[in-house]
Amino acid sequence: LAKTTQPISMDSYEGQEVNITCSHNNIATNDYITWYQQFPSQGPRFIIQGYKTKVTNEVASLFIPADRKSSTLSLPRVSLSDTAVYYCLVGARGSARQLTFGSGTQLTVLP
Amino acid sequence: DGGITQSPKYLFRKEGQNVTLSCEQNLNHDAMYWYRQDPGQGLRLIYYSQIVNDFQKGDIAEGYSVSREKKESFPLTVTSAQKNPTAFYLCASFRNPDRDEAFFGQGTRLTVV
């Protein structure tokens, strides 16, 4: 399983763009990168998934460089409600597998 | 509505007692997972099951047991051998052919009194 490393915490202000980087140096060829968001006392929820280059959906963008050894989750114009823990996961797609969550990044959005 | 349901939301247990946490899903997912989360910490994998009648230990399986007799159900028993069972327990199901996405229940907060 590819190990991931994220910052423990980040602070931002409302309206700013936030970029959270995840390091995964031993990512395998068939691994995808997936990000989840967790609010207190709730289960995590899926945000975005990608394999290479850039993926964008209605809530976030995911940037993956050519070597795929890291990835960056970008949240545009954050609000107070984006305060949460963000987890980066790496693993093969399309098969049931062990889903391993690290410690995540606590994002705090300030007014 | 399809989803994953955990019950109860809050559970109190006396020391030395076994207790079973329920997890049911109607998403027709093959894989199901149990995680433990302590305050301020990430999720730690207890057990997971990829198919009915089969399951594997995660990182912290000691003191826990599971069964997977039906595709829809994956109950977790916290036994008296678990030395520090007070925690937030999360169940998830997984398998989406178009997009890898784990769906989580709302969790069960277990407190040993």
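Entry note: chain B has Rg to Rh equal to 0.95, where both radii use alpha-carbon atoms and Rh is the Kirkwood radius. Using a cut-off of 29 Å between alpha-carbon atoms, which lysines can reach A:K69, once sequence neighbours fewer than 8 places away in the same chain are excluded? Result set, ordered by chain and number: A:K3, A:K52, A:K54, B:K57.
Legend: calculated FRET efficiency, A:K3 to A:Y51, from the Cβ-Cβ distance at R0 = 22 Å, rounded to 0.05, equals 0.75.
Charge dipole of the range B:53-107 (Cα centre as origin; +1 on each Lys and Arg Cβ, -1 on each Asp and Glu Cβ, all else neutral): 140 debye, rounded to the nearest 20.
Remark: mean inter-chain Cβ contacts per residue of A:82-92 equal 1, using a 10 Å Cβ-Cβ cutoff to other protein chain atoms. Taking the DSSP beta bridges with both ends in the protein assembly as shown, the antiparallel portion is around 90 percent. Distance between the 7 Å Cα→Cβ label points at B:N28 and B:K83: 4.5 nm. Among B:L45, A:L75, the order by Cβ neighbours within 10 angstrom, fewest to most, reads B:L45, A:L75.
Over every pair of different alpha-carbon atoms in chain A, take the mean of 1/r and invert it; report that Kirkwood radius in Å.
For chain A, inverting the mean 1/r across all distinct Cα pairs yields 14.1 Å.
Springs join every pair of Cα atoms under 10 Å in this Gaussian network model of chain B, and among B:D59, B:D30, B:D100 the largest mean-square fluctuation is at B:D100.
With all pairs of separate Cα atoms included, the protein assembly as shown yields a Kirkwood hydrodynamic radius of 18.1 Å. As a proxy for reagent exposure, B:L27, B:L110 were ordered by neighbouring Cβ count within 10 angstrom, fewest first; the result is B:L27, B:L110.
Throughout, read-outs are computed from the coordinates displayed, never taken from laboratory work. Predicted model only: the values in this text are computed from it and were never measured. Every residue, glycine among them, receives a Cβ derived from its backbone with ideal geometry; neighbour counts consider all protein chains shown.
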